[in-house]
Each structure stands twice: as structure tokens, then as C-alpha cells.
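Here, each number is a calculation from the coordinates, and none is a lab measurement. What you are looking at is a predicted structure, and each value in this text was computed from that prediction instead of being measured. For neighbour counting, all protein chains shown are included, and Cβ atoms are generated from backbone atoms with ideal geometry for every residue, glycine included.
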Amino acid sequence: MKRVRFAPSPTGYLHLGNARTALFNYLFAKHEGATFILRIEDTDLERSKKEYEEMLIQDLKWMGLEWDEGPDKGGPYGPYRQSERLDIYHQYAKKLLETGHAYFCYCTEEELEKEREKAIAEGKPYRYSGKCRNLTQQEREELEAKGLKPVIRFKVPDKTVVFEDIIRGHVEIDTKEFGDFVIVRQDGMPVYNFVVVIDDALMKITHVIRGEDHLSNTPKQIVIYEALGFDIPQFAHLPIILGEDRTKLSKRHGAVSVRALKDDGFLSEAVFNYLSLLGWHPKDEREILPKEEIISQFRIEDVNKSPAIFDRTKLRWMNGVYIREILDLDELTKRAVEFFEGFGYKADFEYYKKVMSAIRDSIETLMDIKDRAKVFFVDEFPFTEEIVSEVKSDPNFYKVVEIFYEKIKDLNSITKEDFKNITKEIQKEYGFKGKGLFHPLRIALTGESSGVGLDLLVEVIGIDKVKFRIKRFLEYFG
């Protein structure tokens, strides 16, 4: 049985790079019929926070990801938080010490800094000298008597680590590049490269799918697997995600967390679809694909090793397609309600639904509601100096609005068809047409020179608001 995991640290919001890693693990699991595990790596006690863990889970679920085992679900290989597995790690650290694969190191920070400075002066990459590798029991006791607390270092064998990466192919790394590394700190807290091996081995992980920034960690982990006699999983290192300027994705590229995209009005389906295409693409080159089809086509072997480019403009376009063409109007409106209310646009659900129907073709994210929906909610808008000047300089401007009011003042309701018929009558009777007819009406009804179709607007806001706005214009300029 194939098993994969996503193992985030709860030290901040879910970054898009991590979200893509979670997504590819999920797609692999669904495509292969494998088990998908969520594990929380919270051994950094200072930075890890429970609220971040809760937000991680919320954001993953918002994206449409589901896992089979995890801290919120349990499972046969729990607990699924590293902070609850410390006894397990200490047990295996002890085993490595007893078998001679690890040792206590008493070197102080000052001693290690001197080693680093010497390596820099000689133009060599720094690696620990191994000074404490062969201390006798007596030497250890003497150092501890001085009050020195040791770390535990892994005794790295002198060899070339070789593995076949599913995405990157053949990889060889000489252990001389990194030397003996710490697996347990002075305070007894185990470190990442050690605990991740223990967790992946005990949780029977068969495929480790993660970002290529972990590639340098892989040989360190493989030598620990070998020392403990664990089966080594297959590795797949995903390409890095870059911004449009080809630099590492960061806050300067805009929203780079799942939560920020959600708050910016992106739909979960569009985010799922877009992130799945960062480093992978379907055989037929289509870009808009439903979740089920992405799962059916996804193969981890097809992931590109080249960096993926996060293009926010393209994501906005894709989100617009989902808004306009894919989401059901009721569902779209449900998701839009919090945005309407957040912008101070108060109404009932049916009114929101009418507005969404009128504007959905002109928005790309739900944040666009703020500007596009304003004309449906704000009756007392300002007339700019430019509008005032335009109205005063064109006597027909006021006349068109006045004629329109005469046509509607006795109506009890108004539809799109009514509006079209009335404007046709005005064209026929008075000769006003095109911009000369519709521009004055738009200014009177919205205070803006462009926007949603006026026939849609008047039908949604209703005759009372139409009369109010037209009368307000006439009184203002009368």
C-alpha cells in the first residue's frame, strides 16, 4: 500500500509553495489509491502555535484536500504531532548512540565558530571536524563536570549517497559535503533531519513528495534510514515556485498564502486548479479542469523539474472563468455574501443573487464586488466637478434625463424590457440616441461614465430607487 504525507510546521500561514506540495501529495494519493497523511511538525516550540495549526487545517480543507490520517482524525500510526512523539525520538537517539552511529558532542559555540572561520579563510565549505567523535568515557565525564551539556551528533559514514529521484532523476551526493550533523540539541529537542526519518519510517511512508529545497536534506536522512535498518522511501522533489520576475516567491509578489488568496476573493476550485498546473500539466494542454479530471490525469512522474512561475494575472483570469462559467449562481452568491457585508452592502440573499447575476461577467475575484456592485447599493453618490461641467455645457444632457423621468414617474415597476422600450421611444420621439441618450442616464443613475448595463441595473434596483436617483439628479442640476 502506497502512503504519502504532508508535514507542515505550524509557524505561520500556509504558503503557496507548501500548499502546492500538499496538493501534489493529495493528487498522488487519489490517483494511486494511496493513503494520504497529515502530520504536524511542531518541534520548534518557540515558533509553533496552536492557532497556526488550526488555520493550516482550515486552509487545506478550504482548498478541497482531505486526508486519511492526521491529528484531527487519528490513525494507526499516531500521534500525528511531533511534539507528542518526543519519547519515540529519544528511544531511537539512544539506539543510535548504543550502536555507535551517534555520539555526544561537547563543543561550544565559540569552538564551532573558530572552525567555521578557519574553513572560510581556507576557502572551503564548513563541515564539523569530528573533534568529539572518539571521546572516552573519562573524557566525557570530565567535560560534563565542567558543566558542559552535549548535543548528539550523527556519525556520518564516508560514502557517496546515491538515489533515484522520481522527478529529478539520478542524484549523487558525497557525505564529505556535510559531515557529522546534530540530531538532538542541548535542551534534548530532536532536530528535523532526525525526527522526519523516524516519523516517515514508523508511519510506513513509501513516497516522500516535497519541495526541492529539501534536496540537500535527503542524503542526511538516507544515512539515518540505513543506520536504523529502515526501508528507504522513494523521493520526489518538486520544482521551486518563482514569481513573475523569476525570483523566489515572497510577499513582494502579492498574496502568497492560501489565506490571503481566500481573503482576496479567489475561489477554492480555481486555486486548486491553478496550483495543480504549477509544475505539471495535463496531456491535452487544457487549463480549466475539474478536480476529478486532474486526479485522473495526474502522474508524479510527469512533474517538470524546471521552476514553476506563479502568474497572478493568470490566476485572476482562471478565477474569473470559475465565477462566470462554472459555479452555480446560488453557490457563488453564498460565497459572496461575506464580501457584500464586508463592504457594507446590506441586503437579503435574493437581492445579492440578482446583483451577482448582473455583475458576474465583469469580475475576476469576489473582491471586485466592492467596485462593481456599488451602483446597486449606493443611491446618494457624488457628482464630480467633471460631471458638473459636462452637464452644464450640454443642454441636452439635462433634457434627456428629464424626458426619461416623465416616462417612468407613473410606473410601479420596471424590467429590462421596459427600459429598452422606453429608450427606444425617446430615440423615436426626440432623436436622442447612442451616447447622447445613454450617457446622461448612466450619470444620473450611477454617477459613473461606465459600468454594468443600465437595463440590468434598473431591473435589479427597482422602480423606487430609479425614480429616487433620477429625481436627485434633476434637483441637483435644476
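The dipole here belongs to the chain: it is taken about the Cα centre, uses +1 on the Cβ of Lys and Arg and -1 on the Cβ of Asp and Glu, and is about 380 debye.
Taking R0 as 22 Å, what's the FRET efficiency between Lys392 and Lys435 from their Cβ-Cβ distance, rounded to 0.05? Show your work: numbers first, answer last.
On the way: r = 18 Å, r/R0 = 0.81.
For R0 = 22 Å, the calculated efficiency reads 0.80.
Dipole orientation for the range 287-426: of the candidates Phe339, Val375, Val388, Phe339 has the Cα lying most toward the positive pole (charges on Cβ; Lys, Arg +1; Asp, Glu -1). The charge dipole of the range 329-375, taken about its Cα centre with unit charges on the Cβ of Lys, Arg, Asp and Glu (plus for the first two, minus for the last two), comes to roughly 120 debye. Available extension along the chain between Asp371 and Glu325 is 14.5 nm, counting 0.36 nm per residue and deducting the alpha carbon span. Full extension of the chain segment joining Thr384 with Thr11 gains 129.5 nm, where the gain is 0.36 nm per residue of separation less the Cα-Cα distance.
With viscosity set to 1.567 mPa s and temperature to 4 °C, compute the Stokes-Einstein D of the range 262-379, Rh being the Kirkwood radius across alpha carbon pairs; µm²/s, no decimals.
On the way: Rh = 15.5 Å.
This corresponds to a translational diffusion coefficient of 84 µm²/s.
Counting every pair of alpha carbons in the range 76-145, the share spaced more than 22 Å apart comes to 47 percent. Equivalent-ellipsoid semi-axes for the range 1-119 (Cα gyration tensor, √(5λ), whole Å, largest first): 33, 19, 15. For a 4.7 Å threshold on C-beta separation, the list of partnerless cysteines in the chain reads Cys107. Note on Asp68 and Lys305: the model spin-label points, each 7 Å out from Cα along the C-beta direction, lie 3.0 nm apart. Beta bridges assigned by DSSP with both partners in the chain are antiparallel in approximately 55 percent of cases. Among the trypsin sites (Lys or Arg not before Pro) in the range 299-369, those placed in a DSSP loop whose Cβ has at most 15 other Cβ atoms within 10 Å are Arg299, Lys305, Lys346. By the Stokes-Einstein formula, at 1.567 mPa s and 4 °C, the chain with its Kirkwood radius over alpha-carbon pairs has D equal to 48 µm²/s. If the segment from Lys291 to Gln427 were pulled out straight at 0.36 nm per residue, it would be longer than the present Cα-Cα gap by 43.9 nm.
Here the contact order of the range 85-238, divided by its residue count and restricted to Cα pairs under 8 Å and six or more residues apart, works out to 24 percent.
Dipole magnitude of the range 385-477 about its Cα centre, charges +1 at Lys/Arg Cβ and -1 at Asp/Glu Cβ only, in debye to the nearest 20?
120 debye
Each eigenvalue of the Cα gyration tensor of the range 329-375, multiplied by 5 and square-rooted, gives one semi-axis; in descending order these are 13, 12, 10 Å. Judged by the mean number of other Cβ atoms found within 10 Å, the most tightly packed of the peptides 445-456, 362-373, 42-53 leads the ranking 362-373, 445-456, 42-53. Computed from label points 7 Å out along Cα-Cβ, the spacing between Gln91 and Ala145 is 3.6 nm. Here Phe163 and Gln137 are evaluated by their C-beta separation; at R0 = 45 Å the FRET efficiency comes out at 0.75.
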